[in-house]
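Asker: Have a look at this one before I ask anything.
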Amino acid sequence: MKTNKVLIGITGALFIVLGVLCFFYPGDTLFATAWLIGIMVLFTGISKFIFSLRTQAFLPNSGTRMLSAVLEIVLGCFFLFHNLFVAASLPIVFAMWIVIEGISMAVESFDLKRVGVSAWWCMLIGGLCGVVLGIVGLYHVESAAMAITWLVGSATIMLGVGHFVLLSSINKLEKFFAPIRQRMQQMRDTIDAEAEEIKNEDK
């Protein structure tokens, strides 16, 4: 257990250091993010395409959702096979993806409304906000680049903080279960002793 806790602590510290470095090296952050976003967009498109195929019988806007999925698959492949170019143009491409995802989310919200989901409007507002922010990013490329850097850095730091929260939770759980473990061990020892006495009496 001590080894696992040390590894969790080291991992958390590395995440925090990496997150801080993202703020100081935005260019390298964009280059690495191009790969990560490419993988993320590709798998998002694939999962959305599969979901569209399985739900087209009872969700009326599956065609729009499928088109969005195909566009995301194309964007994901483009990210992966043209990494250097994407790293330079990532803010624009990222803003375009936010717009596409926002439109798709807004369209899907009406499907939720038709099937009786009461919180459909939350999804609609989120989609519209995504479209607005994506359009703003297209006209303010530097702001979009800084937003990507800050998002990646902040998310990485939060992962590190999460590891330390996990480490603290493990320590608290160990203290909580220590008396229970001792009582269980005492019960086992008592049972073993009684069993041994019974065997000796039988002999």
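No lab work stands behind these numbers, since they all come straight from the coordinates. Values in this document were obtained by computation on a predicted structure and should not be read as measured data. FYI the Cβ positions are ideal-geometry reconstructions off the backbone, even for glycines, and counts take in every protein chain you see.
Asker: So which residues in segment 114-135 are over 20 Å from the mean Cα position of the chain (by Cα) and surrounded by 15 or more Cβ atoms within 10 Å (Cβ to Cβ), if there are any at all?
Answerer: Result: 120, 124, 128, 131, 133, 134, 135.
Asker: Also, quick follow-up: For segment 107-130, name all the residues that are closer than 17 Å to residue 49 by Cα and of a type in the set (A, V, I, L, M).
Answerer: 107
Asker: Here's another thing I want to ask about it. Of (1) under 25 Å from residue 143 (Cα atoms); (2) surrounded by 15 or more Cβ atoms within 10 Å (Cβ to Cβ), residue 21 satisfies all except one. Which?
Answerer: Of everything listed in (1) under 25 Å from residue 143 (Cα atoms); (2) surrounded by 15 or more Cβ atoms within 10 Å (Cβ to Cβ), residue 21 misses just condition (2).
Asker: Could you grab me the full set of residues in segment 14-44 that are over 13 Å from residue 79 (Cα atoms), touching a helix residue (DSSP H, G or I) at 6+ places or on another chain (Cβ under 7 Å) and small (Gly, Ala, Ser)?
Answerer: Across segment 14-44, the qualifying residue is only 19.
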